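The block underneath contains the structure these notes are about, expressed in structure tokens.
The values are calculated or read from the model by the stated rules, or taken from the named source; none is laboratory data. Keep in mind that what you see is a predicted model, and the values were worked out from it rather than measured. Here the Cβ positions follow ideal geometry from the backbone for every residue, glycine too, while neighbour counts run over all protein chains shown.
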Amino acid sequence: MDLESWIEQALQLRSEKGTLRNLSISENKIDFVSNDYLGLAQSEKLYQLIEEKYKQLQLHRNGSTGSRLLAGNSALADEIESYLAKKIFKSEKTLLFNSGYTANLAVLSCIPQKGDVIFYDELVHACMHDGARLSKADRISFKHNDLIDLESKFDKHIGRKFIAVESIYSMDGDQCPLVELVALAKKYNASIILDEAHSTGSYGENGSGLACALGVASQIDIRIYTFGKAMGVHGACVAGSEVLTHYLINFARPFIYTTAPTPHSLISIQCAFEFLRQEISLQQKLKSNINYFLNQFEKLKWKKSPSNSAIQSILIKGNEEVKLLAAQLQDAGLDCRAIRSPTVKIGTERIRICLHTSNTNEDIDKLILRLHEYSISKSVIKELEP
Ligand SMILES: Cc1ncc(COP(=O)(O)O)c(C=O)c1O
């Protein structure tokens, strides 16, 4: 079979399973899908701040021109890393990455070694799985947020232990029991790798995330923060000790073999955190929108993920069914997307709703009304009831 035919066949197979992905652009709809929880990506004020700072620094450079280990390093990159470590994440050091995906890939692929074990929550993001697969360590999953299950697996394994978790889970929006996990890790001398993708910005002082908010940051060996979600810009960093970041500079292939972030990207990161320091009440505004949604949603008596965060998942079994509801919501001007299997486990397909500071009570009411209309038009409601 020639290559084109093989590719077509693979796509056809996906299509038949109802799992074919396509890029789409939805404009002028109410945003219940983006990760722009605090509205920073569309903030005119932040945009102006970045523009001014960029002009003021007179860098006269568009690109970084190479890997950090070659031509791509700069005083600006060093400065932003120190700023993030000292002023935001309370760590000895931070190391910048082009994205959260590559930061997670870097950490998981090069730190755990042969003979080590990576214990990972069954719901961690694809980038943690991919990083772990690249490592020579053994991989053992534990039930979502179930520390009893995790502990029961520790005894069966010798070798260094790593625990890979997220602060706020990307698909369910629920929170990791971080304080308890830290205590467990201490008991077994295990190292925690914490992905703060969905808590950076919206949790903690100055947007420092969940570990800082709970006062356990110093007890977590490796923390990963991303800037493309609530911070409204792009990129990521790993926060930890000096020796950790030095190790990554030496061994992390996704750091070594790639072009460093652009100066504009670096400035945007610092401006976004400076902006949030001034506008920290946005966190409160987000919380109040989440509470409004939760109160209204409760009246529907539908099953949803146990989440108090900006990510809310409404379980609708089956790819076809969830696609149908997403299409109805889209037609009503609500930008809600279906999350289908295999992105999530079969039987846990869902409408994933992201809440934002920009959503009004009327927007949320409209969403709830459409969900209600769908529920009365469908016999599947029985399945959805708790
Ligand atoms: C939990 C989690 N970690 C990491 C990432 C990747 O971050 P980035 O988009 O910066 O590559 C995502 C993105 O969706 C995520 O949800």
Selection from the stretch 149-172 of residues at pLDDT 95 or above, assigned to a loop (DSSP other than H, G, I, E, B) and more than 11 Å from the ligand (Cβ to nearest atom) yields 160
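Looking only at strands (runs of 3 or more DSSP E) that lie completely in the stretch 87-142, which have at least 3 residues being more than 16 Å from the ligand (Cβ to nearest atom), assigned by TED's automatic domain parsing to the domain that holds residue 214 and not small (Gly, Ala, Ser)?
Those strands (runs of 3 or more DSSP E) span 138-142.
Considering only the stretch 231-245, state which residues are in contact (Cβ under 8 Å) with a residue 24 or more places away in the chain and more than 13 Å from the ligand (Cβ to nearest atom).
Residues of the stretch 231-245 in contact (Cβ under 8 Å) with a residue 24 or more places away in the chain: 231-242, 244-245.
Those that are in contact (Cβ under 8 Å) with a residue 24 or more places away in the chain and more than 13 Å from the ligand (Cβ to nearest atom): 239, 240, 241, 242, 244, 245.
For the stretch 139-187, which residues satisfy the criterion of being among the β-branched types (Val, Ile, Thr) and surrounded by 14 or more Cβ atoms within 10 Å (Cβ to Cβ)?
140, 163, 165, 168, 182
Just a yes or no: is a residue in the stretch 218-230 farther than 20 Å from residue 110 by Cα, in a helix (DSSP H, G or I) and more than 13 Å from the ligand (Cβ to nearest atom)? Break it down stepwise before answering.
In the first step, residues of the stretch 218-230 are kept if they are farther than 20 Å from residue 110 by Cα; the result is 218-219, 227-230.
Filter again for in a helix (DSSP H, G or I), leaving 218-219.
Next cut, more than 13 Å from the ligand (Cβ to nearest atom) only: 218-219.
Checking the stretch 218-230: at least one residue is farther than 20 Å from residue 110 by Cα, in a helix (DSSP H, G or I) and more than 13 Å from the ligand (Cβ to nearest atom).
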The correct count of residues that are in contact with a helix residue (DSSP H, G or I) (Cβ under 8 Å, 6 or more places away or on another chain) and either without any contact (Cβ under 8 Å) to a residue 60 or more places away in the chain or of a type in the set (Lys, Arg) (or both) in the stretch 43-78 is 4
Residue hits (the stretch 295-335; under 12 Å from residue 351 (Cα atoms) and small (Gly, Ala, Ser)) are 305, 313, 318, 326, 327
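Go through 228, 232, 215, 318 for me and flag whichever is on the phi > 0 side of the Ramachandran plot and surrounded by 18 or more Cβ atoms within 10 Å (Cβ to Cβ).
None of the other options fit; the residue is 232.
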*Inspect all residues belonging to the stretch 76-84 and state whether any of them is within 22 Å of the chain's Cα centre (by Cα), closer than 30 Å to residue 167 by Cα, among the hydrophobic types (A, V, I, L, M, F, W, C) and assigned to a helix (DSSP H, G or I).*
yes
Picked from the stretch 44-75 (must be part of a loop (DSSP other than H, G, I, E, B) and hydroxyl-bearing (Ser, Thr, Tyr)), the residue surrounded by the most Cβ atoms within 10 Å (Cβ to Cβ) is 64
Taking first residues from the stretch 1-27 that are among the hydrophobic types (A, V, I, L, M, F, W, C) and second residues anywhere that are at pLDDT below 90, the pairs with Cβ under 7 Å that are 6 or more apart or on different chains are 11/20
Out of (1) under 21 Å from the mean Cα position of the chain (by Cα); (2) surrounded by 21 or more Cβ atoms within 10 Å (Cβ to Cβ); (3) within 22 Å of residue 84 (Cβ to Cβ), the one residue 267 does not meet is (1)
